[in-house]
Amino acid sequence: MQESCQFEKSRENGEILQFLRKVFHVLFQNETFCQKKTLRKIPRLIFQKNFYLCAMQTREIFQKDLELIREKAPLIHNITNFVVMNNTANALLAIGASPVMAHAIEEVADMVKIASALVINMGTLEHDWVQSMIVAGKAANAKGIPVVFDPVGVGATPYRSQAAAEILQHVKPTIIRANASEIMSLARVNVQTKGVDSTNSADDAITSAKILAKETGAIVVVSGAVDVITDGENVKRVLNGHPLMGRVTGMGCTATAILAAFAAVEKNAFDAAYFGMTAMGIAGEIAGLTAKGNGTMQLYFLDALCNLSENAATFFRN
C-alpha cells in the first residue's frame, strides 16, 4: 500500500470510522466484490488486494502484537554497541521483551538457539565483533528467527562500509533500519555521512531504500522526523514522534531493538517494522508532553513505552 488509508481526519470521527471499518471489512471478505471493475472507482488506497495494513485493522493488530510481546516476553539477542547497551536493554524491558547482550564469538551461536530475534548493530566496531555478528546472523538465518540489522555510521569510513558489506554478504536480514544517509550509503548512492548522524531526510532516501529492499529482500526502515518503511514496492510512513527524540543518544539503536521485539511476535516483517516504529513514535510523543529537555525525555520515554496500552491507539497518525 503506497500510503495509509485516509478514513480518519480527526479523533472526533471515531464513530464514523468504526462504522466504515465494519462495512469495508464485510465487503472485503467478498472475493467477487473485490474483483469487480467498479472497484476502480473507489480509491486504490482503500481497496488494494496486495496490501499489508489497512486503516480499519491497523490499531487492532498493533494492540494484539503489543499484548503478545508482553505475554511471551521474547528473548532478543543484541550484538550492539557500548553506547546504547543500557538504553536498549531498558527499552526492551519496558515494552515487555527480554534483552540479552552477548557478543563473544564463542557463545553467540548458542545464544541464538534460545533467542526469538537477533539485533546486529555496528555502532562500536572491531574485527572480532564483526565475525561474531556473521556467526550469529548465520545461526539466526538457519533457525529462521528475524534478524534486524543496524548499519550504524556506514559510509562514514571505508572500514564501516566494508564491514556492512561483509555482513550482508553472509547474513540475510529481515529488517534493515538506519537513517537516510546510512541507507543511501548502503545502497551505494554517493552521499556523505556525518558520523552516525544523517545529513539527509528520510524522503531523500526513499529510492535508495527501495533499491536496498529489492537487493536484500529485507524490509527497509529509514528513520527521521517522518519514518519511512518499504519492501521495495510498498511505502508506509510513521508521523508520530517528538523533536527531543533526536537529542537523546541511541534513540535509533533503541528503535532497532524495538523492531526486533515486534518481529519476534509478528510474522509479517512489514507489519512488524511499521508497528515497531509506531510504538517508538507514540512513546516519544507521549514523553514529549512532559519532558523539559533531553535528560527527562529519556526517562519519560521509557515510562511511556512501559505504559503503552490500548489508549496509545488514539495517537496513531498516518
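Collect the residues in the range 232-255 that are over 21 Å from ALA187 (Cβ atoms) and assigned to a loop (DSSP other than H, G, I, E, B), keeping them in residue-number order. Scanning the range 232-255 gives LEU239, ASN240, GLY241, HIS242, VAL248, THR249, GLY250.
How many residues are in contact with a helix residue (DSSP H, G or I) (Cβ under 7 Å, 6 or more places away or on another chain), surrounded by fewer than 24 Cβ atoms within 10 Å (Cβ to Cβ) and of a type in the set (Asp, Glu) when one looks only at the range 205-228? Residues in the range 205-228 being in contact with a helix residue (DSSP H, G or I) (Cβ under 7 Å, 6 or more places away or on another chain), surrounded by fewer than 24 Cβ atoms within 10 Å (Cβ to Cβ) and of a type in the set (Asp, Glu): 0 in total. Residues that are in contact with a helix residue (DSSP H, G or I) (Cβ under 9 Å, 6 or more places away or on another chain), modelled with pLDDT under 95 and surrounded by fewer than 22 Cβ atoms within 10 Å (Cβ to Cβ) do occur in the range 173-187.
The values are calculated or read from the model by the stated rules, or taken from the named source; none is laboratory data. As the structure is a computational prediction, the values presented were derived from the model and not from experiment. Note that each Cβ is placed from the backbone with ideal geometry, even for glycine, and that neighbours are counted across all protein chains shown.
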